[in-house]
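Below is one structure, written out as structure tokens; the observations come after it.
The values are calculated or read from the model by the stated rules, or taken from the named source; none is laboratory data. All values reported here derive from a predicted model rather than from experimental measurement. Every residue, glycine among them, receives a Cβ derived from its backbone with ideal geometry; neighbour counts consider all protein chains shown.
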Ligand code: SF4
């Protein structure tokens, strides 16, 4: 499954008086591009003021030498994002910026908040005027209204009023500040390049620019980087964490060290567990590119069934905004995936995919494989059945659209045209990720949401119906 769920954002920040902060941020964002392709933005401070540029498009479309030169300063934060319907367009791109009595401020956020509807109503009643429909803007208003005198305390004051998933980079005139929510739902890591510090959503950003990984920003921790170096404060405490387990098998890059684990090796472990839970008699194992490949390798290794490359992905088909015609609909999944007939023909094929959401993509893939001559297709899934939406930053559709919530296993198997269908169990997934108890969020599989929310604050149900 390669085109159904969207992560909301990727972050990169740097404080450096000797290196090219803007160029390194651009490269850091390149490495985070898989976390969001709708818009990209950057804000810089030279100690006196903040300049910024953001627009819709990929990092390579939004930034060029000319635009980078207009951003001045040694502190820079950058952001790439995917957005939901209500928050699309350049105006909602990040970083968001504001000028207030405590100085300039820019903010880049990954995650999703669950009490901004009521907070926004309260702020508007008290006179706040919102410039965007981006829920993150609530944080800026709370900071501006805070009675705390310095910016760090104002940020803490604002964040203590919000609930949800957030990894955030703040840029002030003099500081780069990073904060991760108390449950650590979205990733955020610290690196060092020469004598300077960098922060990113995932470690491939460090690998690309030659920075060394130091550690994760701890859940509930604030990291402050300024002319005196780096210092940290534990600003929120929690007796559990709720790292998003979806990041491990779906979003993270295979070369990423995510939540302290290598993504590729973790996915291989998930594939091995899948093979222990679901034994089938088949001729070859293939993976749906890209994120099904590592789990397929693990499945093959554990089961002894040979692995092969059975599906090719066209990496050059990006998001299109043209109205789909009959021809587009007919081409469907073939625009992105094509089977290698010589590998598939006359074989009993295990195909490993990372998840099934609506079931429509799985059905198309299985049709492709059967058309390519597969005798039988066994669909094995490296996540449990998705049965509930996410309110913390992953764009999972409504419950009514989730095939795992509305159909039994056998009904789903028939619907997607598979000869066998097996999901990894929730316990098997936690075991292969080597999760400690209460370490990961798995609410979209179990409906056990780690942060309570009120229905009036949730406006996802009607929005996530694309
Ligand atoms: S509900 Fe699912 S997608 Fe959302 S944070 Fe939890 S595990 Fe991740």
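Where helices (runs of 4 or more DSSP H) fall wholly inside segment 5-118, the ranges with 2 or more residues that are without any contact (Cβ under 8 Å) to a residue 12 or more places away in the chain and either over 19 Å from residue 393 (Cβ atoms) or in the same structural domain as residue 171 (by TED's automatic domain parsing) (or both) are 65-70. In segment 380-393, the residues that are in contact (Cβ under 8 Å) with a residue 24 or more places away in the chain reach residues that are near the ligand (Cβ under 8 Å from one of its atoms) and in a loop (DSSP other than H, G, I, E, B) with C-beta atoms within less than 6 angstrom, at least six apart or across chains, in these pairs: 389/396; 390/396; 392/165; 392/185; 393/165.
Listed here are the residues, each with its yes/no results for (1) in contact with a helix residue (DSSP H, G or I) (Cβ under 9 Å, 6 or more places away or on another chain); (2) within 16 Å of the ligand (Cβ to nearest atom); (3) touching a residue at least 12 places away in the same chain (Cβ under 8 Å).
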| residue | (1), (2), (3) |
| --- | --- |
| 191 | yes, no, yes |
| 202 | yes, yes, yes |
| 220 | no, no, yes |
| 228 | no, no, no |
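Here the condition is being surrounded by 20 or more Cβ atoms within 10 Å (Cβ to Cβ), under 14 Å from residue 14 (Cβ atoms) and over 17 Å from the mean Cα position of the chain (by Cα); of 143, 209, 155, 193, it holds for 209 alone.
Reported count of residues in segment 358-375, each being closer than 25 Å to residue 348 by Cβ and either within 16 Å of the ligand (Cβ to nearest atom) or within 27 Å of the chain's Cα centre (by Cα) (or both), is 8. Considering only residues in segment 48-72 that are within 30 Å of residue 101 (Cβ to Cβ) and in contact with a helix residue (DSSP H, G or I) (Cβ under 8 Å, 6 or more places away or on another chain), the one that is surrounded by the most Cβ atoms within 10 Å (Cβ to Cβ) turns out to be 54. When segment 157-178 is filtered for residues that are assigned to a helix (DSSP H, G or I) and over 27 Å from residue 71 (Cβ atoms), only 157 remains.
Count of segment 230-268 residues, restricted to those that are at pLDDT 95 or above, within 16 Å of the ligand (Cβ to nearest atom) and farther than 19 Å from residue 167 by Cα, is 3.
If you go through segment 269-286 one residue at a time, do you hit one that is within 16 Å of the ligand (Cβ to nearest atom), modelled with pLDDT of 95 or more and assigned to a loop (DSSP other than H, G, I, E, B)? There is no residue in segment 269-286 that is within 16 Å of the ligand (Cβ to nearest atom), modelled with pLDDT of 95 or more and assigned to a loop (DSSP other than H, G, I, E, B). With respect to being crowded, with 17+ Cβ neighbours inside 10 Å and within 28 Å of residue 16 (Cβ to Cβ), residue 162 falls outside the description.
It is to be established whether one or more residues within segment 135-156 are assigned to a strand (DSSP E or B) and in contact with a strand residue (DSSP E or B) (Cβ under 9 Å, 6 or more places away or on another chain). The answer is no; no qualifying residue exists. Provide a single number: the residues in segment 212-249 that are out of contact with any strand residue (DSSP E or B) (no Cβ under 8 Å at 6 or more places or on another chain) and buried (at least 22 other Cβ atoms within 10 Å of the Cβ). Within segment 212-249, residues that are out of contact with any strand residue (DSSP E or B) (no Cβ under 8 Å at 6 or more places or on another chain) and buried (at least 22 other Cβ atoms within 10 Å of the Cβ) number 1.
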